[in-house]
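Visitor: Here you go, one structure.
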Amino acid sequence: MPRFMGFVRMEEGIGSAPEALFKAMDDYIGEQAAAGHFLDGGGLYGSEDAVNFLVEKGEVTRVDGPYAEAKEVVGGWALTRYDTLEEAIAGQREFAQLHATYWPECKIVATLRQISEAD
């Protein structure tokens, strides 16, 4: 059964999501976990705690946050499993719809990517 990674990118510093969204997400994740689709996931701290390693011209440089140029950051992630790509897309759309319903003033990008299972 294929696995997928979902990401939520959003503007940083816009405040906390409404309690109604947290409740709806808990219900949705519970349903998805019970069906065997949701494997793991969570929210991420802000970019002020981020550490990046830049690899350029054979050199590795550590770059710590905050990042003034960052407009959007990954705010959360989910590891899921579905029988088909179409089911995974439908699940990611449901997830995005929860944000549209319970936090309509927030702009997010909910990205879905299939995980490579190559040897």
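Visitor: Any residue at all in the range 55-63 that is in contact with a helix residue (DSSP H, G or I) (Cβ under 8 Å, 6 or more places away or on another chain) and either over 29 Å from Lys23 (Cβ atoms) or touching a residue at least 12 places away in the same chain (Cβ under 8 Å) (or both)?
Guide: Scanning the range 55-63, I find no residue that is in contact with a helix residue (DSSP H, G or I) (Cβ under 8 Å, 6 or more places away or on another chain) and either over 29 Å from Lys23 (Cβ atoms) or touching a residue at least 12 places away in the same chain (Cβ under 8 Å) (or both), so the answer is no.
Visitor: Moving on to the next point. Conditions first: (1) in a strand (DSSP E or B); (2) out of contact with any Gly (no Cβ under 6 Å at 6 or more places or on another chain). Glu117 passes all but one, so which condition is the exception?
Guide: For Glu117, the exception is condition (1).
Visitor: Those residues that are within 22 Å of Glu72 (Cβ to Cβ), assigned to a strand (DSSP E or B) and touching a Leu at 6+ places or on another chain (Cβ under 8 Å), I need them from the range 8-56; list them, please.
Guide: Gly41 - this is the single residue of the range 8-56 that is within 22 Å of Glu72 (Cβ to Cβ), assigned to a strand (DSSP E or B) and touching a Leu at 6+ places or on another chain (Cβ under 8 Å).
Visitor: So which residues in the range 20-42 are closer than 15 Å to Val8 by Cβ and exposed (fewer than 11 other Cβ atoms within 10 Å of the Cβ), if there are any at all?
Guide: Result: Asp40, Gly42.
Visitor: Among the numbered criteria (1) over 19 Å from Ala110 (Cβ atoms); (2) out of contact with any Asp or Glu (no Cβ under 7 Å at 6 or more places or on another chain), which single criterion is violated by Met25?
Guide: (1)
Visitor: Given the criterion at pLDDT 95 or above, surrounded by 15 or more Cβ atoms within 10 Å (Cβ to Cβ) and part of a helix (DSSP H, G or I), identify the matching residue among Ala96, Ala90. Steps first, answer last, please.
Guide: Numbers: Ala90 fails: surrounded by 15 or more Cβ atoms within 10 Å (Cβ to Cβ).
Ala96 is the lone residue from the list that is at pLDDT 95 or above, surrounded by 15 or more Cβ atoms within 10 Å (Cβ to Cβ) and part of a helix (DSSP H, G or I).
The values are calculated or read from the model by the stated rules, or taken from the named source; none is laboratory data. Since this is a predicted model, take the numbers as computed values, not measurements. Please note: Cβ atoms are built from the backbone with ideal geometry, for glycine as well, and neighbour counts cover all protein chains shown.
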